[in-house]
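Step one of this worksheet: look at the structure below.
The values are calculated or read from the model by the stated rules, or taken from the named source; none is laboratory data. Small disclaimer: the values here were computed from a predicted structure and weren't measured. Don't worry about glycine lacking a Cβ; one is built from the backbone with ideal geometry, like all the others, and counts go over all protein chains shown.
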Amino acid sequence: MAYQTGDTILDDEYNVFVTGLAGGGATDTANLNNVWGTGVGDRGYGQATTISAVSAGDTVTATQWATLLARITSAASHQGSSLTSMATPSATDIIEVIGAISANLSTIHTNRINAAGTGTPSSTNMNSTGSWETQARQTITLTWADPDEARYFFNAGGYIEITPSVVGYTDDQKARAWDALTQMVGTIQFRANTTSMSGDTTSITVTEAHTSSASNVSVLGYYGLTTSNQLLYDKALTTNLSPYIAGAANNIEVYVKSNGTQGSFSDNGDVITLQIDYNDASTDQAYDKSEYNILDEMDGTVRNVINIVPPSTSYLTSSWSNPTVALSSSSHA
């Protein structure tokens, strides 16, 4: 029997809305618990306040219907999703079909990765010092307390920001070119199913006017990671007449991988590893700096700022942890 006006409302229909199955039990369908509770993969906010199925033949109370509608509304508010109006029943009402439930469940399922807001960010400077001529590399690990907390972090709208920079350098042409390139990168934002940019540009002035290629940004997100490095981002210097584009252009590359599935609910790892390379690919290093006064050696500090932006707790209870951020290795060559 369909859930529609004129039909008897069955406990089976309520259970499908709550769990996806008439008898109760999680599936991949658009049901409340699959978005609100543990879920699987990119479904699930990890909320403890899921709703139980009713037993066959039991009466579904007005309070149970009202709780279901409240959870749907909370999920939508977290996402910023628009719902079709649903009248909340009270204990003295005759229970009638609430026609928008199916469509609203489909909405919160479709928009499950969306988030209208975020929590309070926390920032860590990953610093490494040492002179370099051909490459400076940092390998950074982000480690969650367990794989489901990593899932909930990304599912509920958390993301990772990566901002390259160089600071404390000797003020010379090469250093200014590197400073300009890092500033043109802006901030890389790594999310559940995609990567985006904030503040990137292709021109900037650091004493001299500098230009760069457009940012090459992968569509990769947490759920697309493998246990092997994949290129997440790259940008190259293009400043006209710069010696640092001769032969090949100085560039920045970011690679990413995870430690693979660790839990039972289709996570994609509880450790993410970033490899951030500042590649001095130009031929300027062929000159003897002391003899020709060519500014070949880069000094100062490579600083990759890692900003953890957790999900909002305006409508959800925190079921996730922020990852610990560590510089596992750095090298200068």
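Here's the yes/no breakdown for (1) assigned by TED's automatic domain parsing to the domain that holds ALA281; (2) touching a His at 6+ places or on another chain (Cβ under 6 Å); (3) crowded, with 19+ Cβ neighbours inside 10 Å:
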position	(1), (2), (3)
ALA62	no, no, no
TRP65	no, no, yes
GLY80	no, no, no
GLY99	no, no, no
MET126	yes, no, yes
ALA136	yes, yes, yes
THR141	yes, no, no
ALA145	yes, no, no
ASN155	yes, no, yes
Helices (runs of 4 or more DSSP H) completely within region 30-128 that count 2 or more residues being more than 30 Å from LEU225 (Cα to Cα) and either in contact with a strand residue (DSSP E or B) (Cβ under 6 Å, 6 or more places away or on another chain) or small (Gly, Ala, Ser) (or both): 62-79, 101-110
From THR134, THR29, THR139, residue being touching a Gly at 6+ places or on another chain (Cβ under 7 Å) and among the β-branched types (Val, Ile, Thr): THR29
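Only strands (runs of 3 or more DSSP E) wholly contained in region 192-241 count here; list those with 2 or more residues that are in contact (Cβ under 8 Å) with a residue 40 or more places away in the chain. Working first, answer last.
Values: elements: 195-198, 203-206, 208-211, 230-236.
Qualifying strands (runs of 3 or more DSSP E): 230-236.
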Selected residue (only one of GLY263, GLY224, GLY269 is closer than 16 Å to ILE188 by Cβ and either surrounded by fewer than 18 Cβ atoms within 10 Å (Cβ to Cβ) or within 19 Å of the chain's Cα centre (by Cα) (or both)): GLY224
Leading residue by the ranking (modelled with the lowest pLDDT) among those in region 166-182 that are surrounded by fewer than 17 Cβ atoms within 10 Å (Cβ to Cβ) and not in a loop (DSSP other than H, G, I, E, B): GLN173
